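Engineer: Got a structure for you, written out below as structure tokens; questions coming shortly.
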Amino acid sequence: MKTDRKPATLAIFLLTLSLVVAQGSDRTRLLQGRSVMLPSAAVLDKHAEPLIASSGKVGFVASVTSGSLISFSVTSGKILSTVAIGETLGSISMIEVSGRRLIAVPAANDPAGGTPASVTIIDATSAKRLELKSLLVLPRDGGLTPETGAALTRDGRFCLIASSF
């Protein structure tokens, strides 16, 4: 008994071709550039690295000059929300856990001038409505620099910072 292999071979060929086409279409979509127009007061420095949410739809960046956390749409490039944090912001970090998105934002501020360094935890579950969740104010002799980052633990319960006293 001899079976005809032509239909099976054709089916495998078409399936393979459809996978190649699907991969190719994803690559072209990822290569498209987007730009975000920040407010004129918002200037970024070398420490301002944008963070993109796991959904790939929204992003966050800290502005050194305006002292704010900015959320933006990755797909449209529009600013969604801003929240004032402090002066001279450091590197931000983000954790997404249990349906929540938390962002830690360190601010060097001016401890000598009476404005202590701080780390602000923002609930960014809704990128259009950024909410202050927690504020850690460092002791008067505690200092942060623009290079200082604040890392959230995987469960979102703790924030780790490197501070100089």
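Engineer: Going by the conditions given, is Gly90 open to solvent by less than 80 Å² (accessible area, probe 1.4 Å), at pLDDT below 65 and of a type outside the set (A, V, I, L, M)?
Structural biologist: Answer is no for this residue.
Engineer: Shifting gears a bit: When you look at Lys128, is it under 29 Å from Ile79 (Cα atoms), modelled with pLDDT of 80 or more and either of a type in the set (Phe, Trp, Tyr) or not in a loop (DSSP other than H, G, I, E, B) (or both), yes or no?
Structural biologist: The answer is no for Lys128.
Engineer: Kindly provide the set of residues from the stretch 59-71 that are open to solvent by less than 20 Å² (accessible area, probe 1.4 Å) and out of contact with any Ser or Thr (no Cβ under 6 Å at 6 or more places or on another chain), ordered by number.
Structural biologist: Gly59, Val61, Ala62, Ser63, Gly67, Leu69
Engineer: Can you find a residue that is in contact with a strand residue (DSSP E or B) (Cβ under 7 Å, 6 or more places away or on another chain), modelled with pLDDT of 90 or more and β-branched (Val, Ile, Thr) anywhere in the stretch 36-48?
Structural biologist: No, that holds for no residue.
Engineer: Inside the stretch 97-129, can you point out the residues that are under 15 Å from Val58 (Cβ atoms) and touching a strand residue (DSSP E or B) at 6+ places or on another chain (Cβ under 8 Å)?
Structural biologist: If the condition is that a residue be under 15 Å from Val58 (Cβ atoms) and touching a strand residue (DSSP E or B) at 6+ places or on another chain (Cβ under 8 Å), then Arg100, Arg101, Leu102, Ile103, Ile122, Asp123, Ala124, Thr125, Ala127, Lys128, Arg129 are the ones that fit.
Engineer: Next up: Tally up the residues in the stretch 104-117 that are at pLDDT 85 or above and open to solvent by 10 Å² or more (accessible area, probe 1.4 Å), please.
Structural biologist: 1
The values are calculated or read from the model by the stated rules, or taken from the named source; none is laboratory data. If you're wondering where the values come from, they're calculated on a predicted model, not measured in any experiment. Every residue, glycine among them, receives a Cβ derived from its backbone with ideal geometry; neighbour counts consider all protein chains shown. Just so you know, the surface numbers come from the protein's heavy atoms only, side chains and all, with ligands and any DNA or RNA stripped out. Shrake-Rupley method; radii C 1.70, N 1.55, O 1.52, S 1.80 Å.
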